[in-house]
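Please read the structure below before turning to the comments.
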Amino acid sequence: MSTPHTTLARRALACGLIGSALALALPFAAAQGFPSKTVTLVVPFPPGGGPDLAARVLADKLAPKFGQPVVVENRPGAGALLAASAVARSAADGHTLLFSPNTVVISPHVLAPGAGSGVDVHKDLVPVISPATTPMVLVANPTLGATTLKGALDAARKSPGLPYGSPGNGSPMHFAGEILKRSAQVELLHVPYRGVGPSITAALSGEVKLLFTGLGGAVPHIKAGKLVPLALTEKQRSALLPDLATATEQGVAGVEVNAWYGVLAPAGTPAAVVAQLNQAFNEALKLPDVREKLAGAGLDVLGGSPQVLADFMKADNERYGKLAKELNIKAD
């Protein structure tokens, strides 16, 4: 026999079960309605560099999967933090994503507090996927007269303060240069540019004699004889230039820095939407023509779960935070 108390208890239990079911269903309902409009990949560097190329290659394949346009928007500035801030402030629905190299994790350790409107990439953004990694290389303008790392270091010792370029403050390339300075005990002057494209243009023109950059963007100019490869800043050689020795092989230890690309969504994006995005990117990365285009740009295809990117972010945050203090790297 039911009593008022048991009736109330049953109603409360029923309401609780319904509430729990609704709570579980909401993220999946959000995913089922995603995407409902254009998806934007915000790249924190100008067109022409590796991040921009990779984003556009993937955007072309994601659009048919989503049934919605996928566009690339370039927002350079503040070492990727302006773009990160813009994405963090956007609606947490998966339609606006950051497509950035690991500069976005490094820059907070280099730039002034509050850069990028004070965005905290570890709290204000959530990992979706790391599509690729890229090896980096030190190249020289032919007028420097160096064909090896030793030759470049000799030139730097003869001309203390020899300028070297990078795609910007806080970039992995910037750190590679400062590590080289410390390891080889030479004086070099860092000249940051607003992205890979402008930095390569500067090296081609001779505005800077040395440049740290992604290998893929440099290879066409190396093959054309317009840039001279000096050393890879990696633990091992690359299939793109198998005869090019690493800095360690050439007697300068510790110059081991590479870059990963990450796709991040605003914090609060439903887990089911993040999962759907991750799946779509992974599927696109398996396509032969995508892999061919990314490999041709000097990128190593990666993919995997959001946790892969989360681990990259944590490791680089710790490593570059420590290096920034040791090397006294600050915004120029």
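Expressed as an acute angle from 0 to 90° and rounded to the nearest 10, what is the orientation of the C-alpha long axis of helix 50-66 relative to the principal long axis of the chain? The angle comes out near 30 degrees. With contributions of -39500 (n - 2.57) from each DSSP H run of at least four residues, the per-residue ellipticity at 222 nm computed over the chain stands at -14000 deg cm²/dmol. With contacts taken as Cα pairs under 8 Å and at least 6 residues apart, the chain reaches a relative contact order of 25 percent. Relative to the longest principal axis of the Cα atoms of the chain, the long axis of helix 149-158 lies at roughly 70 degrees. For the pair residue 112 and residue 185, a Förster radius of 22 Å applied to the C-beta separation gives a FRET efficiency near 0.15, rounded to the nearest 0.05. Taking Cα atoms only, the orientation of helix 196-205 departs from the longest principal axis of the chain by about 10 degrees.
The charge dipole of the chain, taken about its Cα centre with unit charges on the Cβ atoms of Lys, Arg (+1), Asp and Glu (-1) only, comes to about 260 debye. Placing dummy labels 7 Å off each Cα toward the beta-carbon, the span from residue 249 to residue 147 is 1.7 nm.
Positive contributions from Lys and Arg (+1) and negative ones from Asp and Glu (-1), summed over other residues with Cβ under 10 Å from the Cβ of residue 232, come out at -1.
Pairs exceeding 19 Å between alpha-carbon atoms, taken from 209/322; 181/322; 123/286; 181/330: 209/322; 123/286. Beta-bridge orientation, the chain: approximately 55 percent antiparallel, per DSSP, counting only bridges with both partners inside. For residue 42, nonlocal amide neighbours, meaning residues 5 or more places apart or on other chains whose placed amide H falls under 5 Å from its own, are 73, 97, 98, 99.
Any read-out appearing in this document is the output of simple, stated calculations on the displayed coordinates, not a laboratory observation. These numbers were taken from a predicted model, which means no experiment stands behind them. In this analysis, Cβ positions are derived from the backbone assuming ideal geometry, glycine residues included, and neighbour counts consider all displayed protein chains.
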